[in-house]
Every structure is written in C-alpha cells, then in structure tokens.
1. For segment A:293-303, enumerate the residues that are more than 7 Å from chain B (Cβ to nearest Cβ) and either surrounded by 24 or more Cβ atoms within 10 Å (Cβ to Cβ) or on the phi > 0 side of the Ramachandran plot (or both).
2. Scan B:ARG206, B:ARG212 and give me the residue that is basic (Lys, Arg), in the same structural domain as B:GLU285 (by TED's automatic domain parsing), surrounded by fewer than 20 Cβ atoms within 10 Å (Cβ to Cβ) and over 17 Å from B:VAL167 (Cα atoms).
3. Counting only residues that are surrounded by fewer than 22 Cβ atoms within 10 Å (Cβ to Cβ) and more than 12 Å from chain A (Cβ to nearest Cβ), which one in segment B:252-268 is modelled with the lowest pLDDT?
4. Residue by residue through segment B:304-320, note down the ones that are without any contact (Cβ under 8 Å) to a residue 40 or more places away in the chain and either surrounded by 18 or more Cβ atoms within 10 Å (Cβ to Cβ) or in a helix (DSSP H, G or I) (or both).
5. Right, A:VAL32: part of a strand (DSSP E or B), within 30 Å of A:ASP336 (Cβ to Cβ), at pLDDT 95 or above and touching a Cys at 6+ places or on another chain (Cβ under 6 Å) or not?
6. Give the residues of segment A:102-116 that are surrounded by 18 or more Cβ atoms within 10 Å (Cβ to Cβ) and either of a type outside the set (S, T, N, Q) or within 14 Å of another protein chain (Cβ to nearest Cβ) (or both), sorted by residue number.
7. Determine which single condition B:VAL239 fails, assuming it passes every other condition in (1) crowded, with 22+ Cβ neighbours inside 10 Å; (2) farther than 30 Å from B:VAL124 by Cβ; (3) without any contact (Cβ under 8 Å) to a residue 60 or more places away in the chain.
2 protein chains.
Amino acid sequence: MRATVIHASRDVRVEEVPDPVIRRPTDAVVRVVLSCICGTDLWAYRGLADFRSGQRTGHESIGIVEEVGAEVVGCSAGDLVVVPFVWSDGVCDYCAEGLTTSCEQGGFWGTKGSDGGQGEALRVPYADGTLVRLPREAASDRRLLTALLTLSDVLGTGHHGAVGAGVRPGTTVAVVGDGAVGLCGVLAAKRLGAERIIALGRHPSRTDIATRFGATDIVAERGEAAVEAVRELTGGRGVPAVIEAVGTAQSLWTAVRITRDGGSIGCVGVPHGSDTGLDLSDVFERNIALRGGVAPVRTYIPRLLPDVLEGVIDPSPVFDLTVGLDGVPGGYQAMDERTSLKVLISC
Amino acid sequence: MRATVIHASRDVRVEEVPDPVIRRPTDAVVRVVLSCICGTDLWAYRGLADFRSGQRTGHESIGIVEEVGAEVVGCSAGDLVVVPFVWSDGVCDYCAEGLTTSCEQGGFWGTKGSDGGQGEALRVPYADGTLVRLPREAASDRRLLTALLTLSDVLGTGHHGAVGAGVRPGTTVAVVGDGAVGLCGVLAAKRLGAERIIALGRHPSRTDIATRFGATDIVAERGEAAVEAVRELTGGRGVPAVIEAVGTAQSLWTAVRITRDGGSIGCVGVPHGSDTGLDLSDVFERNIALRGGVAPVRTYIPRLLPDVLEGVIDPSPVFDLTVGLDGVPGGYQAMDERTSLKVLISC
C-alpha cells in the first residue's frame, strides 16, 4: 500500500510500504477514508522535534474496518470508525479513569513498528480500546465525515483545553492560538456554555472561523499589546479561563499574563523549546493553575460525538485544503508556509 | 516600641521604632502576644530575596486589639485576634471569591510604611477584612494560643497545598518538604480525609512530627532515590496528590517526578531561583496539574478555626523553640542552621 514517510526535515514522501496485517488477536486493520495533517506533524517537518528517518507520519484518521483479530468484539469488517491519535487498551486503570494517553499498553502512530494515519490503511493495536464506531450512513456525507475526523485529535484536544481552563456556563474564556486546536478550543468553550470568548489571532481567515465558532472578541495584537488588549476587555483583571493552544515560550507567556488571578490555563499546545517562558513566580503570586496536557481524546469521543452527529457543533471549517495521498508533501508545505490552516487528505 | 529590623543578610536587630497609630479609619492597632519566624523570612536573611535595608520583619502574629479606627466594626479594644500574613479589605471581588492574597487594597507586612509581625505591636490596615476574632479565653491557654498562631500562615498554607493537590477522603498524598508548611500540609491532608500520606524528609525530629500529624510513610531519601522510593510505595505509578512545600528547583523536580499521571501538585513553596526545575514536557505528557500559590489564609481561618479550638487538629508541635523579642536574631540563626524547625516569639 502507499503511505507517507518522513526522511528528513522538509522531506516527506509518499511510498510503497508493507500492507498492514493482523499481528495480535486484539488488532484491527482499518482502510483509511479520510486523514489529515496536524500542526504537531509540522514540528518534525521543520526539524524541531525528533524523528527517525523513514518514520511513518500522521495520527488522525477515519476509515472502514477491513479485518479484526480473533479477540476483537467491538467492531467488525465494514464498520466505519474513528481512530484517535493514541491507541489505548481501554481496560487498564488509566483508561478506566479516562486518561487513555497514559495507557501502559498505549502508543503513538508512527513509532517503531506502527503505521501512521497518513496512508491507505493502518494496523490498529487494541482495537476494542482504541476505535470508536460511527454510524455507517455518515460515510456518504462528506461534510459530516470531515467534521467527525476532528474527533481523532483537534476537537478532543480543544475540548481538553476548555476542560483544563475550567470553562463552565457563563465563563469568560480566552484562547491563545488560531490554529485548528485553538479554533476547536473556541468551539468547545462555546459548547460548554462560555458567555464570552476572546480569540487571540492575527490571520483574518482564521479569526473569521473563530467568530463562526463562537468567539465574541478578536485580539489581533501580539506580545505586550495583546496582554493589554485582553486586560482592557476584562476590566484590567484578565480572563479566568485561558486555553493555551500553541506551546511556545511566547504563547505560554501570553497565556499567563492574560489570566486573571486565581484563574486556570488549559494547556494543550505541545511545549517546544528549552525556554518554557513560564514565570513561576507570577503563576505562584497570582494563584494561576496550569492544567491539561496530551488530550485523552478517546475518552471524549462518546461525549462529543452526539453533538457532531446532530450538527450542534460543526468543526469541519478547520479544513481549508483537500489533497489526495499524492498531495500530502504539498500539504505539509502549505501548512508550513501558513497558506493552509489544516489539510484534509482524501484517501 | 521594640520590633525587629533587617539591615543586611544575616543582620536582624531588635530596635526602637515608632509606636503604631491609627492612620486611617479602617485601621486597628494590635498589641502582639505571640509571633514567630517563618521559613520565608529566611530567604531575605540568607540574602536570597530582595529586601530594603531597615525593613521590618515577620508576618505571623496573634494579639490583643488596642485601638480601632472610626469605621472598624468587626473588632474592638480588648479582642483577641489572629493577623494573617497578608492584609485584605474583605470587600473587593477577589476577597469575595476567597482569593484574599490578590486583594487590590491588600499588602504584605514589612513593605514600605507597614509594620512587621515581629514586634510589640502593629498597625493593621483594613482591620475588618483582615483580622479574625478568637475566643478571649484562648489567651490563657498557651498550647492552644500557639496552635492558633499557625492560622496566620503555615496551617492555612499547608491547607492550601492540600486543596491544590486535590486531597479528598481516601486520597494518597505525598508531601515534599519537612518544614512547618510541609508538616501542616500533612495535618491538613489528614484532616481532609487522606488515607495514605507519604512525607518526604530526612530529619527524624521533623518526620516524627509528620508521623504524629498523620503521615503513614516516611521517605528519607533525596533526588532520584526519593522518586524511586515513592514509586515503590505506590505500585510504580506515583501519587495522585502532591503537596510541594519547599519552592526550590530540586523540590519541584521531585514533586513532578513522584506525581501519578493525571495527578495534581499543590504548590505552596515560594518559588526561588531562576531555574525552576520544571520539566514542562513531562508535566504535559503526563497531564499533571500545577495548582496553588500564595495561600489566601484569611479565607481558610473560619474553616480551620473550629477544628483547632476543639483540638481535632493541633499544629502547635511545629514550634520547637521559644524566644522573647530579644531572642529573635538568635532565632533566625537557629532556623538558618536548622537547629530549630520554627521559632515562637513570646512578646
């Protein structure tokens, strides 16, 4: 089959790779229908995160189950499923608590011996713990299928940020980052009942989506000016619930500075760089809580799925470019150059 | 009157200073009965925190109200009161929410124009918001009065750590730090129903108090060995609720490493040093929450007071040396050399 492979910084290729097969009785093989490129895929692409040359890429997909191992009971051939960005066994203590990202049998797509999401098919370990079945009829509704694809990562990650920020009905929220996760953070905050949502972003094509997703205020400034603008919008005190959806020193600094004393930051931007930008003294003096981390999206899917199916929320606008598998290298380039927000891959 | 003044690193003196007087109608003047020396007082003493030469020291006291301003209604001359380590107006939004340490009229003892806790008397701004009245009869019970003194800081701070760590009935808790705050963290965790309390400390005189306060396990190791020991006690996974009561890079590192994935750290050790020791990637990957900060002890006093008065908890053993005002410089030295855990000042 064909799948994407990263060989070096800015060198992602579509190649022939071995077809996935059932190796363990808990495996499933899923034929990919839709996949996409994530902001975190860009870290390796830019040479800013470690990777093995020859590593498979991508970690978000929706597909049709092709074959299941002897012990798999939760799905069978022909089922439409969403594949979260981490596989998990579904039965360990962490999975039982909902922290599927800490599953001791869990793992990330693209690690040694595993497939990636950007390919024609993939072997899914612990299929019963990992996969979530979707209504079969969704397969014929492209808009809906695209929306459902976000359950594999960005929608659940945005939701994790909103939960970490402590969003409740009536809360004022700020979202740092206008990438797909930040925009899904806006949508998730709105869904949880936030009354006022301040989105920080300077690309009108993105902040327009933020507004569509429920943002009530847009702050286009950066750095100190952004902090001042947010404080001006909030009587000088800042925002009690902040979603940090970037992960750089600058964005974390901004998140801390715009948080109201006693507020919470839901951190879902993967931290990058040795300088974390975190002023612990400021965090401490103002009793700011830092919560969040790698989102256990598998846990959130059953919670978010009904609202996506019923159209209560529609995250599909985060995709602004569609490519076939052959177009994936160009898709990386488009996201790297910020000419695309998030690339959908139609397999 | 006489009060302590810091002139330079390791140069704390008892001097004649102006008697406090009512300056604003919301002030009270309190004659100090008991005061004490705090671990955080040592940072300036050791030259590791900024201070003005000539600054007054100390921020924990219990005393008798001597005079009140025209607008004070909550206490009157002759009342026995506890003075929290921050004054606060009691009426602003932050105070209403319980975050008295962020009160916009609030302030710290020893800052310019204010008295310190280590002296014969002090002027208390916003007396109605700041002071909490105690039963008059407690004044004649030295053990009880000593226990009540901890409400001004260390007991409330330990409680804040336990709250930040998310301690609930049945929780397993670890406490990093065997100073007075750490020990009060043990006591507070026990009070909140923790089932298992692992205290990290290597001074038997201190860990004996931890055991008396409810610690079920003592870990005397440090660094990597301490992490291993705690993980061994908890099936390899670490502790879901950790109280960080030191504030150094090393202690924060230890706290993160012993926290179970998905757990919370209640940070109450004032952060010191530019290297925070915080590995944000580890915190992020394991979904560890950092909560806490400067403890709003004023808010906690009404909650903790009944249990202290009824003897349900007795934090008084954190004091192991008593001096008069003249003995304060020697008290600093004893705490600096770790021959004393916490020094009580009988004024």
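1. A:ALA295, A:PRO296, A:VAL297, A:ARG298
2. After ruling out the rest, the residue left standing is B:ARG212.
3. Here the answer is B:TRP253.
4. The answer is B:PRO306, and nothing else.
5. So A:VAL32 passes the test.
6. Answer for segment A:102-116, where residues must be surrounded by 18 or more Cβ atoms within 10 Å (Cβ to Cβ) and either of a type outside the set (S, T, N, Q) or within 14 Å of another protein chain (Cβ to nearest Cβ) (or both): A:SER102, A:CYS103, A:GLY106, A:TRP109, A:GLY110, A:ASP115, A:GLY116.
7. Of the numbered conditions (1) crowded, with 22+ Cβ neighbours inside 10 Å; (2) farther than 30 Å from B:VAL124 by Cβ; (3) without any contact (Cβ under 8 Å) to a residue 60 or more places away in the chain, the odd one out for B:VAL239 is (3).
To keep it simple, each residue is scored yes or no on (1) touching a Ser or Thr at 6+ places or on another chain (Cβ under 9 Å); (2) surrounded by fewer than 24 Cβ atoms within 10 Å (Cβ to Cβ); (3) not assigned by TED's automatic domain parsing to the domain that holds B:ILE313.
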{"residue": "B:ALA139", "(1), (2), (3)": "no, yes, no"}
{"residue": "B:ALA147", "(1), (2), (3)": "yes, yes, no"}
{"residue": "B:ARG168", "(1), (2), (3)": "no, yes, yes"}
{"residue": "B:LYS190", "(1), (2), (3)": "no, yes, yes"}
{"residue": "B:GLY201", "(1), (2), (3)": "yes, no, yes"}
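The values are calculated or read from the model by the stated rules, or taken from the named source; none is laboratory data. On a predicted model such as this, the values are computed, not experimentally measured, just so you know. As a convention, Cβ positions derive from the backbone with ideal geometry for all residues, glycine included, and neighbour counts pool all protein chains shown.
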